Amino acid sequence: MAIDWQKLSEQYQEDYLADLTTLVGIDSARDDSQATDEYPLGPGPAKALIAFLGLAQRDGFKTKNLDNLVGYVEFGEGDDTLAILGHADVMPAGKGWHTDAFTLTEKDGNLYGRGTSDDKGPSLAAYYGLKMLKDQGILPKMKIRFIIGTDEESDWTGMNHYLDLEPAPTLGFSPDAEFPLINGEKGNVTFTTTFAGTNGDADALQEFDAGLRENMVPRDAEAIAQVANGDQVVADFNSFLADAPVTGEASVEADGVHFHVIGKAAHGMEPKNGINAGTYLATFLNGLNFGADAADFLGLLANQLHDDSRANKLGIAYTDKVMGDLTMNVGVQTFTANKAALINTNFRYPTGTGAADIQAGLAKATADMNVELKQGREMVPHYVDPSDPIVATLMDVYRQQTGDMDAQPEVVGGGTYGRLMKRGVAFGALFPGTADTMHQADEFQPKADLLKAMAIYGQAIYELTK
């Protein structure tokens, strides 16, 4: 069947934008503090899932909501299942926005709002690709399930719940990354280093707070410290800022010196794209006269973790010729005097190394400190051979739709739902050359790119199921 997928997608522009406005308008960051039996991950993720399924019900699809954790849209029949795996949750908005993070705003051809790039905009484009098939009367020769998770940005509770209740798909893709195609994803593991929060006899660190999530480079960092000669410390801090790639301020208050540093947020899969406000603030504070846990907390951040995305200082740097470098993001960093302190370090690692090597490096760096080191959930590296038909078919569609005949599949540090399937890949929707603003303030995606992605997804689903 000859279909001009790009021309067809343009007919859906108005409806697509209206639906995206609805989805972006829901703050769907996971919030366990508001969890209930009805909303197990907080109300936001469930409400976004319900809204997404409501769009599909409106369009005449069969849908199912599995306990407000995950849901799916179904089309077609067959023994084999093609899965399209998106997610309706988002990262916390954070600070630094120039528009309302939860109002879809078009400016200079770009669509701004939390989720426009990760992952509401791309997921909705893929959904519209499926809708185009249905509207054209095309019946697939296998079952298609568009599966919507609700905590891809944290523990994947929803998608794991799906796999507990439903048969595993045969093959599939996740519209939650980049074009042309991602056929390999690094391993992913987070370690948490905890301290008791004690201070010594001189300067006292009362509070330190940086980072929103382990897989996000902290944009903001704040601290309160009781120090000798606060005015001189403020002057020294201003001199430090003058030579650093961050901004900030400090002031002497009744309870101590207050510090604030502003860096640049970025996705934790490539920390070099951001500027870690937390480790910069720790680097300055590490020069003051702290003791006990406060000194160890700041020293670990400043001496072993700061500005070292490849973990050279920990002695665990590693590179694989196919999957590339091990990377380290220093995410959440908190200290409360006499209560607790922690540092989250998130690692994306290639084949050839792993959690045991990473833990050994962290253990050595903290051997003289009174800390507890705990490993979190681990996802091992994932790779689909380029010769697999799903890779070949999707690459062919991308080349046809873009004219980029030299495009090749890639391996990245990001973790997508694609890795849940043996024959699963990530496919779009960020085009080469487009700024990656995932997990950042002023997140956006060009409107033209999302419409082009819709056309690519429509043809891709058709080719994989014809």
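Residues that are under 28 Å from T170 (Cβ atoms), assigned by TED's automatic domain parsing to the domain that holds G121 and free of Cβ contacts under 8 Å to residues at least 60 places away in the same chain: does region 29-45 have at least one? No; the residues of region 29-45 include none that is under 28 Å from T170 (Cβ atoms), assigned by TED's automatic domain parsing to the domain that holds G121 and free of Cβ contacts under 8 Å to residues at least 60 places away in the same chain. Restricted to strands (runs of 3 or more DSSP E) entirely inside region 393-466, those with at least 1 residues that are in contact with a Ser or Thr (Cβ under 6 Å, 6 or more places away or on another chain) and modelled with pLDDT of 95 or more are 424-426, 444-446. Based on this model, can you work out whether L373 counts as in a helix (DSSP H, G or I) and either farther than 28 Å from R423 by Cβ or assigned by TED's automatic domain parsing to the domain that holds D308 (or both)? When the stated conditions are applied, L373 does not pass them. The set of residues in region 397-435 that are under 15 Å from E270 (Cα atoms) and buried (at least 18 other Cβ atoms within 10 Å of the Cβ) comprises V411, V412, G413, G414, G415, T416.
For residues in region 239-298 being within 26 Å of H439 (Cβ to Cβ) and among the aromatic types (F, W, Y), which is nearest to the chain's Cα centre (by Cα)? Among those residues, the one meeting the criterion is Y280.
Checking the structure you have, find out if any residue of region 129-136 is in the same structural domain as Y12 (by TED's automatic domain parsing), closer than 30 Å to Q6 by Cα and in a loop (DSSP other than H, G, I, E, B). Checking region 129-136: at least one residue is in the same structural domain as Y12 (by TED's automatic domain parsing), closer than 30 Å to Q6 by Cα and in a loop (DSSP other than H, G, I, E, B). Restrict the check to region 295-317 and report whether at least one residue is surrounded by fewer than 23 Cβ atoms within 10 Å (Cβ to Cβ), assigned by TED's automatic domain parsing to the domain that holds L205 and over 22 Å from L373 (Cα atoms). No, there is no match, as no residue in region 295-317 is surrounded by fewer than 23 Cβ atoms within 10 Å (Cβ to Cβ), assigned by TED's automatic domain parsing to the domain that holds L205 and over 22 Å from L373 (Cα atoms).
Name every residue in region 180-236 that is in contact with a strand residue (DSSP E or B) (Cβ under 7 Å, 6 or more places away or on another chain) and among the charged types (D, E, K, R), in order of residue number. Of everything in region 180-236, those that are in contact with a strand residue (DSSP E or B) (Cβ under 7 Å, 6 or more places away or on another chain) and among the charged types (D, E, K, R) turn out to be E185, K186, D203, E207, D209, R213, E214, R219, D220, E222, D231.
Among all positions in region 57-68, there is no residue which is in contact with a helix residue (DSSP H, G or I) (Cβ under 7 Å, 6 or more places away or on another chain), crowded, with 20+ Cβ neighbours inside 10 Å, of a type in the set (D, E, K, R) and touching a residue at least 12 places away in the same chain (Cβ under 8 Å). Only a single criterion out of (1) surrounded by fewer than 21 Cβ atoms within 10 Å (Cβ to Cβ); (2) in a strand (DSSP E or B); (3) without any contact (Cβ under 8 Å) to a residue 24 or more places away in the chain is not satisfied by A250, namely (1). Would you confirm whether any residue within region 346-358 is free of Cβ contacts under 8 Å to residues at least 60 places away in the same chain and over 17 Å from T190 (Cα atoms)? Yes, some residue in region 346-358 is free of Cβ contacts under 8 Å to residues at least 60 places away in the same chain and over 17 Å from T190 (Cα atoms). Taking region 377-394 as the range and being within 18 Å of E185 (Cα to Cα) and surrounded by fewer than 20 Cβ atoms within 10 Å (Cβ to Cβ) as the test, the residues that pass are R377, E378, M379, V380, Y383, D385, P386, S387, D388, A392.
Would you check if there is a residue in region 253-262 being touching a Ser or Thr at 6+ places or on another chain (Cβ under 8 Å), charged (D, E, K, R) and not in a helix (DSSP H, G or I)? Before the answer, list the steps.
Going residue by residue through region 253-262, those that are touching a Ser or Thr at 6+ places or on another chain (Cβ under 8 Å) are 257-258, 261-262.
Applying the additional criterion that residues be charged (D, E, K, R) yields none.
The answer is no, given that none of the residues of region 253-262 is touching a Ser or Thr at 6+ places or on another chain (Cβ under 8 Å), charged (D, E, K, R) and not in a helix (DSSP H, G or I).
Among the residues of region 155-197, those identified as closer than 24 Å to T63 by Cβ and of a type in the set (G, A, S) are G158, A168, G172, S174. For region 204-225, which residues satisfy the criterion of being in contact with a Ser or Thr (Cβ under 7 Å, 6 or more places away or on another chain) and closer than 21 Å to A295 by Cα? Passing the criteria: E207, F208, D209.
Just a yes or no: is a residue in region 281-303 assigned to a strand (DSSP E or B), modelled with pLDDT of 95 or more, within 29 Å of D203 (Cβ to Cβ) and out of contact with any His (no Cβ under 9 Å at 6 or more places or on another chain)? No.
Can you give me the ranges of the strands (runs of 3 or more DSSP E) entirely in region 1-108 with at least 3 residues that are out of contact with any Pro (no Cβ under 9 Å at 6 or more places or on another chain)? Reasoning before the result, please.
Working: elements: 62-66, 70-75, 81-87, 105-107.
Hits in region 1-108: 62-66, 70-75, 105-107.
Every residue, every condition in (1) of a type outside the set (G, A, S); (2) under 20 Å from A426 (Cα atoms); (3) surrounded by fewer than 22 Cβ atoms within 10 Å (Cβ to Cβ), yes or no:
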| site | (1), (2), (3) |
| --- | --- |
| G115 | no, yes, no |
| L124 | yes, yes, no |
| K141 | yes, no, yes |
| P169 | yes, yes, no |
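Can we say N215 is touching a Lys or Arg at 6+ places or on another chain (Cβ under 8 Å), crowded, with 20+ Cβ neighbours inside 10 Å and closer than 30 Å to W97 by Cβ? Considered against the rule, which asks whether it is touching a Lys or Arg at 6+ places or on another chain (Cβ under 8 Å), crowded, with 20+ Cβ neighbours inside 10 Å and closer than 30 Å to W97 by Cβ, N215 comes out as no.
Here E152 meets the list (1) in contact with a helix residue (DSSP H, G or I) (Cβ under 7 Å, 6 or more places away or on another chain); (2) within 24 Å of V384 (Cα to Cα); (3) acidic (D, E); (4) not in a loop (DSSP other than H, G, I, E, B) almost entirely, failing just condition (4).
The values are calculated or read from the model by the stated rules, or taken from the named source; none is laboratory data. What you see is a predicted model; the values in this text were computed from it and never measured. Positions of Cβ are backbone-derived with ideal geometry, glycine not excepted, and every protein chain shown enters the neighbour counts.
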